[in-house]
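Below are the structure tokens for one structure; questions will follow.
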Amino acid sequence: MRIYRMENWNRRDCNFHIFVSKTAKPELLHTHDFIEIVYILDGNAEQEINGTHFTVGRGDLFFINKDSTHAFVPKGHFAYYNICFAPWETYASPSSENAFSTLQLTVFETMRCGNESGCVKFLGSERDEIERIFSSIHTEYKNDADFSRAVLESYMSILLVKILRKTISSSGVEDWKGIAEYIDGNLGNDLSLSALSQRYFYNSSYFSRAFKEKFGVSLTEYIGKRRVEHAIRLLRETDMTVDEISVKVGFSSRAAFYRVFARSTGKSPSEYRK
């Protein structure tokens, strides 16, 4: 089986590589040590990713993880864009200095949904817009100007946000389930509107409205309720002090914990434990 390697990329000053291929020849089963985003530009083909078969056509976009097996057989003329990225474990942890890498990580994790591949489909005006973005990235990638990397990352950020939003809108309730699971798993961390909207690359006002439409309560109310529920379990099942529990479930102060807890249960945490 052929193995494609990241070291064969053309540009060393960029953390991804893009090319466009126009072919009627099949691509035999192969693997690679990088991540791929494949966008079908024209024609149709039978694709195989890790033993799963897909019939693909214009507008289909695939995420393929490193070390996956992949092959396709075109049905006549076939054209596609391919963007190759370094594996996400090569990136540093999220910070303001590597926002582009953080965005890549978010898109890849969202698209694969626990699997090694993912797919979304673009139609109509969305498809036209995505293809213009791919074309701009490809054109700029061939540009040797000193500032081209900055331009490339700007274009790529736009593309990745489009993919992320399409993935979220396509998966509907399941995505909101994932957001709820993220909140439950991070009650002791920063779950502010600003932090969550940035994590999912949405405008804060939009995220706030969409959350309330999905859950029937505001983000603040939802998180407060989940924190109180977790605090109740800790009061019942552990010997942790009230102050320790307050910190554990993510309240900014003892006073805030008492206020929210009393409003929810009618008792103070100490009274509830007794």
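With label points built 7 Å along Cα→Cβ from the Cα atoms of His30 and Asn186, find their separation and express it in nm.
3.7 nm
Starting at the first residue of segment 36-47, write each ³J(HN,Hα) from the Karplus equation 6.51 cos²θ - 1.76 cosθ + 1.60 with θ = phi - 60°, in whole Hz, x for Gly and Pro.
Along segment 36-47, the couplings run 10, 10, 10, 10, 7, 8, 7, x, 9, 7, 9, 9 Hz.
Based on Cβ point charges of +1 for Lys and Arg and -1 for Asp and Glu, what charge dipole magnitude is obtained for segment 172-274 about its Cα centre, in debye rounded to the nearest 20?
In debye, rounded to 20, segment 172-274 gives about 360.
Using the Karplus curve 6.51 cos²θ - 1.76 cosθ + 1.60 with θ = phi - 60°, what ³J(HN,Hα) values do you get for each residue of segment 69-84, in whole Hz, with x for Gly and Pro?
Each residue of segment 69-84 in turn: 9, 8, 7, 8, 10, x, 9, x, 4, 8, 9, 7, 9, 10, 10, 10 Hz.
Does segment 172-274 come out rounded, prolate or oblate by the C-alpha gyration tensor, with a ≥ b ≥ c the root eigenvalues, rounded set by a/c under 1.5 and, if not, prolate when a/b is larger than b/c and oblate if not?
prolate
Return the Rg/Rh value of segment 1-72, two decimal places, where both radii are evaluated on C-alpha atoms and Rh is the Kirkwood radius.
Result: Rg/Rh = 0.95.
Quick one: which residues, 5 or more positions from Ser68 or on another chain, have an amide H under 5 Å from its amide H? H modelled 1.01 Å from N in the peptide plane, none for Pro or chain starts.
Under 5 Å from the amide H of Ser68: His32.
Rounded to whole Hz and in sequence order, give me ³J(HN,Hα) for segment 247-255 from the Karplus expression 6.51 cos²θ - 1.76 cosθ + 1.60, θ = phi - 60°, writing x for Gly and Pro.
Working through the residues one at a time gives 5, 4, 8, x, 7, 6, 7, 4, 4 Hz.
Please state the relative contact order of segment 172-274 as a whole percent: Cα pairs under 8 Å, 6+ residues apart?
Answer for segment 172-274 is 24 percent.
Note the full-extension length gain between Arg263 and Ala150 as 0.36 nm times their separation in residues minus their Cα-Cα distance, in nm to one decimal.
35.7 nm
What whole-number distance in Å separates the alpha-carbon centres of segment 24-49 and segment 209-246?
Going from one Cα centre to the other spans 45 Å.
Can you list the residues of segment 237-259 with backbone N under 17 Å from a point 7 Å past the Cα of Glu271, pointing along Cα to Cβ?
Residues 242, 255-259 fall inside that zone.
Here's a follow-up. Would you mind computing, in nm to one decimal, how far apart the modelled labels at Glu48 and Arg5 are, each placed 7 Å from Cα along Cα→Cβ?
For Glu48 paired with Arg5, the spin-label model returns 2.5 nm.
Next question, about the same structure. Between Trp176 and Asp239, with labels modelled 7 Å along Cα→Cβ, what's the label distance in nm to one decimal, could you check?
Placing both labels 7 Å along Cα→Cβ, they lie 4.3 nm apart.
Each reported figure results from applying straightforward, stated rules to the coordinates on display, with no laboratory input. Small disclaimer: the values here were computed from a predicted structure and weren't measured. No Cβ is skipped: glycine too gets one built from the backbone with ideal geometry, and neighbour counts run over all protein chains shown.
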